[in-house]
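Here the structure comes first, spelled out in structure tokens, and everything after it is commentary.
The values are calculated or read from the model by the stated rules, or taken from the named source; none is laboratory data. Keep in mind that this is a model prediction, so the values were computed, not measured. No Cβ is skipped: glycine too gets one built from the backbone with ideal geometry, and neighbour counts run over all protein chains shown. We work out accessible area using only protein heavy atoms, side chains counted, and drop any ligands, DNA or RNA first. Shrake-Rupley method; radii C 1.70, N 1.55, O 1.52, S 1.80 Å.
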Amino acid sequence: MQNEEEIISRVVNGDVMAFKILVKQYEKLVTFMIGRLVQNTEDTQDLCQEVFIKVYKHLSGFKFQSKLSTWIAQIAYGTAINHLKKVSGKRNLTDDVADFENYHKTTEDPESILIKKNTSSFIHQQIEQLPVHYRTVLTMYHLNEFSYQEIEEITGMPEGTVKNYLFRARKLLKEKLELYMQYQ
Amino acid sequence: MKELSEKELKRLLEEQLEQDGKQRSPGNDDAAFYRLLFTALADEPDAFKNIDLAESVVKQIQVNELKKESIRYNLLIVFVFIAGMLSAYFAISYISPVFLKSALNFIDVYKWIAVFIILCFGIIQIADKNLVKKNLLSS
């Protein structure tokens with residue numbers, strides 16, 4: 001694998017093909033984040049593309065003060081949040097606690113739970129119903145494997161909040177899973 | 001049932017990662033459910049696996065570069081045209097003011113034809129650029 005700094009300097013000097021290597025390296029990071037936050041597959045690809053075009057435009061400003069993955073994740077997070085604000089208004093992002101309560105109280109029909117293919121797809125379906133901030137920290141921590149500090153840097157949420165969201169989201173999913181397993 | 005603390009959850013997750021994430025059937029305790037949950041959380045969602053971005057991103061960047069280049073080129077043409085007209089005006093007015101007057105009269109008579117020619121040139125340029133852009137995106 002080529003050195004990241006070398007690739008970046010080639011991209012900054014106008015080598016578009018070098019950027020292709022960078023996109024391949026970070027496409028999972030961006031697609032997972034955007035995919036989980038936005039949840040509309042039609043928009044996902046356009047937004048992922050938008051993220052990488054922003055990365056390309058601003059790469060000369062990247063000063064290696066953080067990991068490149070953290071910097072790209074910051075751009076992806078900002079892009080996804082802006083898109084969500086545009087599409088569903090600010091309410092959807094700020095009413096997370098209420099959403100969480102509703103989500104917590106709603107219990108699905110056991111029969112409909114039973115038809116879910118398997119535990120993994122059941123959990124993924126449940127994640128989709130979580131409030132956006134919960135989905136964010138879950139995805140970043142478990143799928144993208146960022147640390148609490150990195151999630152703080154990316155999202156601007158204090159570390160305590162990150163831990164709290166993560167804890168509550170996992171607890172919530174665990175309870176759903178328990179219910180699911182009971183009916184299986 | 002006793003709730004697991006954040007530290008215990010982290011330890012569980014670390015254990016889970018070490019065990020290569022094989023799905024196990026949970027028992028009655030919280031830890032087993034969390035193990036199962038962590039395995040599922042680390043699974044890549046199927047819906048996002050098949051998105052090939054690199055090619056489309058590079059194409060889009062090339063299109064954007066082309067657009068930028070064409071704007072620069074068009075601005076240069078406009079600049080050269082205006083500079084040429086101004087220098088011709090001042091040169092003719094210095095060499096022969098009488099010829100300048102008749103030239104201005106000629107332009108005044110045929111100004112709409114000139115505007116039409118300039119418009120046609122502009123439209124052809126835009127159409128050409130759009131065609132190139134379309135071909136680049138579809139290739």
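Filter the stretch A:9-34 for residues that are open to solvent by less than 10 Å² (accessible area, probe 1.4 Å) and either under 13 Å from A:Leu68 (Cβ atoms) or not in a helix (DSSP H, G or I) (or both) and give the result.
Answer for the stretch A:9-34, where residues must be open to solvent by less than 10 Å² (accessible area, probe 1.4 Å) and either under 13 Å from A:Leu68 (Cβ atoms) or not in a helix (DSSP H, G or I) (or both): A:Val11, A:Phe19, A:Leu22, A:Val23, A:Val30.
Yes or no: the stretch B:41-53 includes at least one residue that is over 29 Å from A:Phe19 (Cα atoms), under 37 Å from the mean Cα position of the chain (by Cα), within 10 Å of chain A (Cβ to nearest Cβ) and free of Cβ contacts under 8 Å to residues at least 12 places away in the same chain. Quick ask: steps written out before the conclusion?
As a first pass, look at the stretch B:41-53 and keep what is over 29 Å from A:Phe19 (Cα atoms): B:41.
From what's left, under 37 Å from the mean Cα position of the chain (by Cα): B:41.
This time we only want the ones that are within 10 Å of chain A (Cβ to nearest Cβ), so: B:41.
Those left that are additionally free of Cβ contacts under 8 Å to residues at least 12 places away in the same chain: B:41.
Yes.
If B:Ile51 satisfies every condition in (1) at pLDDT below 75; (2) not hydroxyl-bearing (Ser, Thr, Tyr); (3) not in a loop (DSSP other than H, G, I, E, B) but one, which is the exception?
Going through the list (1) at pLDDT below 75; (2) not hydroxyl-bearing (Ser, Thr, Tyr); (3) not in a loop (DSSP other than H, G, I, E, B), B:Ile51 breaks only (3).
Any residue in the stretch B:12-21 that is among the polar types (S, T, N, Q), in a helix (DSSP H, G or I), surrounded by 11 or more Cβ atoms within 10 Å (Cβ to Cβ) and at pLDDT 80 or above?
The first filter runs over the stretch B:12-21 and keeps only residues among the polar types (S, T, N, Q), leaving B:16, B:19.
Pick out the ones that are also in a helix (DSSP H, G or I) and you get B:16.
With surrounded by 11 or more Cβ atoms within 10 Å (Cβ to Cβ) added as a condition, the list becomes B:16.
From what is left, the residues that are at pLDDT 80 or above are none.
Looking through the stretch B:12-21, none of the residues is among the polar types (S, T, N, Q), in a helix (DSSP H, G or I), surrounded by 11 or more Cβ atoms within 10 Å (Cβ to Cβ) and at pLDDT 80 or above.
In the set A:Gln65, A:Gln45, which member is within 14 Å of chain B (Cβ to nearest Cβ) and either open to solvent by 70 Å² or more (accessible area, probe 1.4 Å) or free of Cβ contacts under 8 Å to residues at least 12 places away in the same chain (or both)? It would help to see each step written out before you state the result.
Details: A:Gln65 fails: within 14 Å of chain B (Cβ to nearest Cβ).
Being within 14 Å of chain B (Cβ to nearest Cβ) and either open to solvent by 70 Å² or more (accessible area, probe 1.4 Å) or free of Cβ contacts under 8 Å to residues at least 12 places away in the same chain (or both) holds for just one of A:Gln65, A:Gln45, which is A:Gln45.
Of all residues in the stretch A:139-184 being surrounded by 19 or more Cβ atoms within 10 Å (Cβ to Cβ) and outside any helix (DSSP H, G or I), which is nearest to the other protein chains (Cβ to nearest Cβ)?
A:Asn144
Answer yes or no as to whether A:Leu37 is farther than 14 Å from A:Asn144 by Cβ, in contact (Cβ under 8 Å) with a residue 12 or more places away in the chain and not in a loop (DSSP other than H, G, I, E, B). Break it down into steps so the answer makes sense when it comes.
On the way: farther than 14 Å from A:Asn144 by Cβ: no; in contact (Cβ under 8 Å) with a residue 12 or more places away in the chain: yes; not in a loop (DSSP other than H, G, I, E, B): yes.
So A:Leu37 fails the test.
Among the residues that make up the stretch A:71-88, is at least one of them out of contact with any helix residue (DSSP H, G or I) (no Cβ under 9 Å at 6 or more places or on another chain), farther than 19 Å from A:Val137 by Cα and either open to solvent by less than 40 Å² (accessible area, probe 1.4 Å) or within 12 Å of another protein chain (Cβ to nearest Cβ) (or both)? Working first, answer last.
Initial filter on the stretch A:71-88 (out of contact with any helix residue (DSSP H, G or I) (no Cβ under 9 Å at 6 or more places or on another chain)): A:82, A:86, A:88.
After this cut, where a residue has to be farther than 19 Å from A:Val137 by Cα as well, the list is A:86, A:88.
If we keep only those that are either open to solvent by less than 40 Å² (accessible area, probe 1.4 Å) or within 12 Å of another protein chain (Cβ to nearest Cβ) (or both) as well, we get none.
The answer is no; no qualifying residue exists.
For the stretch A:48-62, give me the residue count where each residue is open to solvent by 30 Å² or more (accessible area, probe 1.4 Å) and either of a type in the set (Ser, Thr, Tyr) or touching a residue at least 24 places away in the same chain (Cβ under 8 Å) (or both).
So the count comes out to 4.
Specify which of the listed residues (B:Ser93, B:Ser70) is more than 14 Å from chain A (Cβ to nearest Cβ) and at pLDDT 85 or above. Don't jump to the end; show me each part of the working.
Details: B:Ser70 fails: at pLDDT 85 or above.
That would be B:Ser93, the only listed residue that is more than 14 Å from chain A (Cβ to nearest Cβ) and at pLDDT 85 or above.
I'd like to check something: does the stretch B:96-103 contain any residue that is open to solvent by less than 30 Å² (accessible area, probe 1.4 Å), at pLDDT below 90 and either more than 9 Å from chain A (Cβ to nearest Cβ) or within 30 Å of A:Lys24 (Cα to Cα) (or both)? Don't jump to the end; show me each part of the working.
First, the residues of the stretch B:96-103 that are open to solvent by less than 30 Å² (accessible area, probe 1.4 Å): B:100, B:103.
Next cut, at pLDDT below 90 only: B:100, B:103.
Checking the rest, the ones that are also either more than 9 Å from chain A (Cβ to nearest Cβ) or within 30 Å of A:Lys24 (Cα to Cα) (or both) come to B:100, B:103.
The answer is yes, given that some residue of the stretch B:96-103 is open to solvent by less than 30 Å² (accessible area, probe 1.4 Å), at pLDDT below 90 and either more than 9 Å from chain A (Cβ to nearest Cβ) or within 30 Å of A:Lys24 (Cα to Cα) (or both).
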